[in-house]
Amino acid sequence: MTTSSLPSLREAEDLDRSDELALFRERFLPIEDADVVAYLDGNSLGRPLRRTLELLRDLVTEQWATRLIRGWQDGWLEQPERLGDALGAVALGAAKGQVVLADSTTVCLYKALSAAAALRPDRTELVTDTDNFPTDRYVVEAMAQDLGLTVRWIASDPVAGVTAEQVAAEVGTETAVVTLSHVAYRSAFIADMARINSLVHEAGGLTVWDLCHSAGSIPVRLDADGTDFAVGCTYKFLNAGPGAPAFLFARTEHHERLRQPIPGWMSAGDRFAMAPAFTPAPGIRRMLSGTPAITGLAGVAAGVELLEEAGIERVRAKSLALTRMAITLCDAWLVPLGFGVSSPREDERRAGHVTLSHPRAEELAELLISKGVIIDFRAPDGIRLGLSPLSTSFSELWSALDRTRTLTREALS
Ligand SMILES: *Cc1c(COP(=O)(O)O)cnc(C)c1O
């Protein structure tokens, strides 16, 4: 590629002017820090929405302060399922009655894995990959220990991700559950959910997908792809706020036999019967445990509402335009400075962030953050550029990479 075909700042600004989603940037609270040049970490923590502030104010003053305990009967109790249905429709390709908001991703993963393993009681193996997100690996190992199962580890490539062929080689008559991240947290590689589901099902096993880097970034088709269980967080591309509740999907056909490890009063059929024996709620609600975090759900409501209005297909289209531009500029400006591109180059396999590698990544990441380019470092040598289509502009990305090139040059000289 010749330098003349690289986008200039003016061209990046033109892209912003013709961007159908540009106005959505106004829905976010401004960044109250004049030193920030670009926020490229919305894949770790999305920016706050103005609407969240409104919903929280209303929750505290109009509902909590006014209705007090009666708030539960006024709609709080139904929120985990109501928002689950909305999220399922807007972001997950899941029909009603299969998604609830609850706990954290880590806890939901434990519950989903345990429920899936309980549906395959005579099988002895859990399958996951060596480069899966730490929480996923730790939960799988703990569960295997608790249940006396064996973990089969797929040796995944940090850039190329887990392929269907690798899964095919590991599954068999002993496979109870295969759990993978749909989008790899390191490289943004998108796994082939439909093919992997059918491979696992052919072997008689079940799947549990982690959608943390998919939800709100790329279209997900849980029903169409035959997924059994899925979990994910709402504070990344869904902008629900730090520590906002996670979501858990369980396919309807499993509900009747679904047994989860932390049954609480919120998962009971009649919550207020206070019955001596536990009888699970008939549907997805049986995956809840304790009292839902209503304050955190205000952010989820705002995030889901915004995505519904923007549409996941338009979000994906802009996401691809942003990641393509990032790769083009990195190839021209940063590869000559020792960076490598550690994300897939094919659009179909790349989700919403671009990861760069550099032998001095940790030190460079610290420098960039101190100079207002907010990215994140992922050990051992990765710098992730998270591109959130509803809040990131093309000129913001351009300026961030321009500054990265200048700062890196200075640091290395
Ligand atoms: C961010 C992330 C998590 C986070 O889990 P929490 O329980 O919310 O801390 C889990 N899995 C993946 C793949 C992630 O990217």
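The values are calculated or read from the model by the stated rules, or taken from the named source; none is laboratory data. Given the structure is predicted, the values throughout are model-derived calculations rather than measurements. When we count neighbours, we look across all protein chains shown, and the Cβ atoms used for this are built from the backbone with ideal geometry, even at glycine. For the accessible areas, the whole protein counts, side chains as well, though only heavy atoms, and no ligand, DNA or RNA atoms are used. Shrake-Rupley method; radii C 1.70, N 1.55, O 1.52, S 1.80 Å.
For the peptides 310-318, 32-40, 113-121, residues were scored by their other Cβ atoms within 10 Å and the scores averaged per peptide; the highest-first order is 113-121, 310-318, 32-40. In this label model, Arg67 and Glu11 are separated by 5.3 nm, measuring between points 7 Å along each Cα→Cβ vector. Per atom type, the range 75-308 shows carbon and sulfur on 54% of its accessible surface, probed at 1.4 Å. Once you reduce the range 186-202 and the range 325-361 to the center of their Cα atoms, the two points are 23 Å from each other. The range 3-71 and the range 230-270 have Cα centres lying 26 Å from one another. In the context of the full set of protein chains, residues of the chain present 42 Å² of accessible surface per residue (probe radius 1.4 Å, heavy atoms only). For the range 1-63, the carbon plus sulfur part of the accessible surface works out to 53%, probe radius 1.4 Å. If the chain linking Arg409 and Glu363 were pulled fully straight, counting 0.36 nm for each residue of separation and taking away their Cα-Cα distance, it would gain 15.2 nm. Taking 25 Å as the straight-line reach from the Cα of Lys371, the lysines in range (excluding those fewer than 8 positions away in the same chain) are Lys236.
Where a ≥ b ≥ c are the square roots of the eigenvalues of the C-alpha gyration tensor, would you call the chain rounded, which needs a/c under 1.5, or, failing that, prolate if a/b is larger than b/c, or oblate? Oblate is the answer for the chain, as a/c is 1.5 or above yet b/c matches or exceeds a/b. Computed over the range 14-87, the percent of Cα pairs more than 20 Å apart is 55. Each Lys and Arg contributes +1 and each Asp and Glu -1, all at the Cβ; summed about the Cα centre of the range 75-308, the dipole is approximately 500 debye. When a 1.4 Å probe is rolled over the protein heavy atoms, the share of accessible surface on the range 334-410 that falls to carbon and sulfur comes to 50 percent.
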